[in-house]
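Below you'll find the structure, written out as structure tokens, and then a few comments.
Coordinate-derived values only; no laboratory data. Since we're looking at a predicted model, the values are computed, not measured. Every residue, glycine among them, receives a Cβ derived from its backbone with ideal geometry; neighbour counts consider all protein chains shown.
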Amino acid sequence: MNQTTERPPLPDHLSIDARSPHHVAAVFEHDVGIRFNDKERMDVEEYCISEGWIKVPAGKSRDRKGNPLLIKLKGKVEAFYR
């Protein structure tokens with residue numbers, strides 16, 4: 001399989017929230033995976049590789065604007081394209 005589009009390099013800090021300054025739309029055109037402490041996670045909202053943390057939803061709780069409440073987990077973070 002020959003890919004015609006080049007994948008952009010994965011940034012150190014990335015967020016899925018379009019309002020965030022760390023959102024890079026070109027990265028989300030491809031399927032991105034996150035491995036946290038050697039386990040693949042599917043619920044990551046934001047990550048930072050250099051600082052070693054991810055943000056994930058805290059259950060079903062929401063803030064007053066309807067966005068999920070996020071908790072920060074620290075550990076070894078790896079980002080990759082699937």
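Within a straight-line Cα-Cα reach of under 28 Å, residue 39 can be paired with the following lysines, leaving aside sequence neighbours fewer than 8 residues apart in one chain: 55, 60, 72, 74, 76.
The magnitude of the dipole of the chain, with charges of +1 and -1 set on the Cβ of Lys/Arg and Asp/Glu and taken from the Cα centre, is near 440 debye.
Only one item in (i) 23, 16, 11; (ii) 21, 12, 11; (iii) 25, 13, 10 matches semi-axes √(5λ) of the Cα gyration tensor in Å derived from the coordinates shown, and that item is (i).
Coupling constants for the range 28-45 follow from the phi torsions by the Karplus curve (6.51 cos²θ - 1.76 cosθ + 1.60, θ = phi - 60°), and in residue order they are 7, 6, 10, 7, 9, x, 10, 10, 10, 6, 6, 10, 6, 10, 10, 10, 7, 9 Hz; glycine and proline get x. With a cut-off of 16 Å on the backbone N, the residues of the range 49-72 near the modelled label site 7 Å out from residue 19 along Cα-Cβ are 62-70.
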